[in-house]
Amino acid sequence: MTSLHEKLHDIYDEVAQRNPGETEFHQAVYEVLTSLGPVVAKHPEYADNAVIHRLCEPERQIIFRVPWVDDSGAVQINRGFRVEFNSALGPYKGGLRFHPSVYLGIVKFLGFEQIFKNSLTGLPIGGGKGGSDFDPKGRSPQEVMRFCQSFMTELYRHIGEYTDVPAGDIGVGTREIGYLFGQYKRITNRWEAGVFTGKGLTWGGSQVRTEATGYGTVFFVDEILRAAGDSFDGKRVVVSGSGNVAVYAIEKVQALGGIVVACSDSGGYIVDDKGIDLDLVKEIKEVRRGRIDEYADARGNGARFVAKQSVWEVPCDIALPCATQNELTGSDAGALIESGCRIVAEGANMPCTPDAVKYFSEAGVTFAPGKAANAGGVATSALEMQQNASRDSWTFEETEARLAEIMGRIHHTCLSTADEYGQPGNYAAGANIAGFIRVADAMLALGLV
């Protein structure tokens, strides 16, 4: 691990001691603190006023029981979470994740990352995250609805368009948002569209929200390429995952002239050297809700499926990890470097382990962290909130143009901030420092709260 500035050692140690066992949260905090040494040296008031201490401690942590009845009539019990981390810039904003791996440490890591990601957008949104250890896979629509209604029966009292605005994440798509929003509306007797983002287009949603995280990641990489006088034309691209973020990252890469040759799910990966047939992937994953191994048989044409192996074995120019946290390890990074990969941009939240990030840095591979590269999702959520507040609806083209503009601005902010603090070209440092300074300045302005 990179060493910490002396003023930050005690802060990290305290975080680790106060939050035992929450390894993902520790990792997220450490990653940010490693970038803040030059900031603390230049602006000691951030350390002296306990801003960093406060930033690492959530303003509110909510844990609750979620009882529901399955289709057989049996009572099931899950656990629900909402961590309202920081509201210095605006209402808490961040998704809900429904997955068996969810526990408090995961939610806190995601919420902590969300603070800086939301700050980088330049929009008035704070950071938060939530979810449950409920697994929607294999459950009937009726079971999913009953779970969502029970989940919202507790959560509704903690959220609101000026308080906390959830959205989707892994396991929570438009269907789940619909059930959650419907229950909120029923309990509160209010059509408060701004309380959720990721809504359907016919009931308050925004164009491009579905595509935003994947599109935004690719827009960010396009900015990196432009800055180097290059483009996506003819570049081999590997994308991990085959969910929402991966699908729309593939779509935008193809639109910009890149060739996506591989994607994956938890069972393995597919390779199609002629270029992934995205319509077939969408049919398998979004319509059939099947597994990616079905692609090879349906596609033919030399496509193949490799079971239980890492998609990062496939040679590429650009790698886009879009699945889940810590999916790309140090050994994966070594394979990518050896194959000639030059750019890695995180479409998921913290998908690269610290070892992987270190190897990329040492090898001169351009690394774009998730808090910058995948900020397009939450940026478009904020645009959805804006449309809801003004009772307006924008076209797809108008919204996509706003998204591209925001991602370009984030790219510029990361580069210019890295230059200012003596780390030229270091997108991770630029993102961490720029995101931190905006939140820290707001916290100082608001007093000890």
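Taking segment 126-144 as the region of interest, how many residues are in contact with a Phe, Trp or Tyr (Cβ under 8 Å, 6 or more places away or on another chain) and not charged (D, E, K, R)? Residues that pass the stated criteria total 9. What are the residues in segment 162-173 that are more than 17 Å from the chain's Cα centre (by Cα) and either at pLDDT below 95 or assigned to a strand (DSSP E or B) (or both), if any? If the condition is that a residue be more than 17 Å from the chain's Cα centre (by Cα) and either at pLDDT below 95 or assigned to a strand (DSSP E or B) (or both), then Asp164 is the only one that fits.
Counting only helices (runs of 4 or more DSSP H) that sit wholly inside segment 191-304, those with at least 2 residues that are of a type in the set (Gly, Ala, Ser) and either at pLDDT 95 or above or not assigned by the TED database to the domain that holds Gly173 (or both) are 212-227, 244-255, 294-299.
Picking from residues in segment 174-199 that are more than 24 Å from Asp392 (Cβ to Cβ) and under 25 Å from the mean Cα position of the chain (by Cα), the one that is least open to solvent (accessible area, probe 1.4 Å) is Glu176.
When segment 125-171 is filtered for residues that are open to solvent by less than 10 Å² (accessible area, probe 1.4 Å) and β-branched (Val, Ile, Thr), the ones remaining, listed by number, are Ile125, Val144, Val165. Quick one: in segment 404-425, of everything that is touching a Phe, Trp or Tyr at 6+ places or on another chain (Cβ under 9 Å) and open to solvent by less than 40 Å² (accessible area, probe 1.4 Å), which residue is farthest from Val40 (Cα to Cα)? Here the answer is Ala404. Residues of segment 40-81 that are among the hydrophobic types (A, V, I, L, M, F, W, C), within 23 Å of Gly105 (Cβ to Cβ) and open to solvent by 40 Å² or more (accessible area, probe 1.4 Å): Ile63, Ile77.
Filtering Val271, Val221, Val239 for residues that are surrounded by fewer than 22 Cβ atoms within 10 Å (Cβ to Cβ), touching a residue at least 40 places away in the same chain (Cβ under 8 Å) and of a type in the set (Val, Ile, Thr) leaves a single hit, Val271. A search for C-beta distances below 9 Å between a residue of segment 381-393 that is in contact (Cβ under 8 Å) with a residue 40 or more places away in the chain and any residue that is open to solvent by 70 Å² or more (accessible area, probe 1.4 Å) and assigned to a loop (DSSP other than H, G, I, E, B), counting only pairs 6+ apart in sequence or on different chains, returns Ala382/Pro124; Gln387/Ser393.
The set of residues in segment 357-378 that are out of contact with any Cys (no Cβ under 6 Å at 6 or more places or on another chain), within 28 Å of Lys93 (Cβ to Cβ) and not in a strand (DSSP E or B) comprises Val357, Pro369, Gly370, Lys371, Ala373, Asn374, Ala375, Gly376, Gly377, Val378. Residues to consider are Glu398, Glu362, Glu384; find the one that is surrounded by 21 or more Cβ atoms within 10 Å (Cβ to Cβ) and charged (D, E, K, R). Testing whether each residue is surrounded by 21 or more Cβ atoms within 10 Å (Cβ to Cβ) and charged (D, E, K, R) leaves just Glu384. Looking at Gly95, is it on the phi > 0 side of the Ramachandran plot, of a type outside the set (Ser, Thr, Tyr) and open to solvent by less than 50 Å² (accessible area, probe 1.4 Å)? Taking the combined requirement at face value, the residue does not satisfy it.
The values are calculated or read from the model by the stated rules, or taken from the named source; none is laboratory data. None of these values were measured; they are calculated from a predicted model. Glycine gets a Cβ as well: all are built from the backbone with ideal geometry, and neighbour counts include every protein chain shown. Surface accessibility is based on the protein's heavy atoms, side chains included, excluding ligands, DNA and RNA. Shrake-Rupley method; radii C 1.70, N 1.55, O 1.52, S 1.80 Å.
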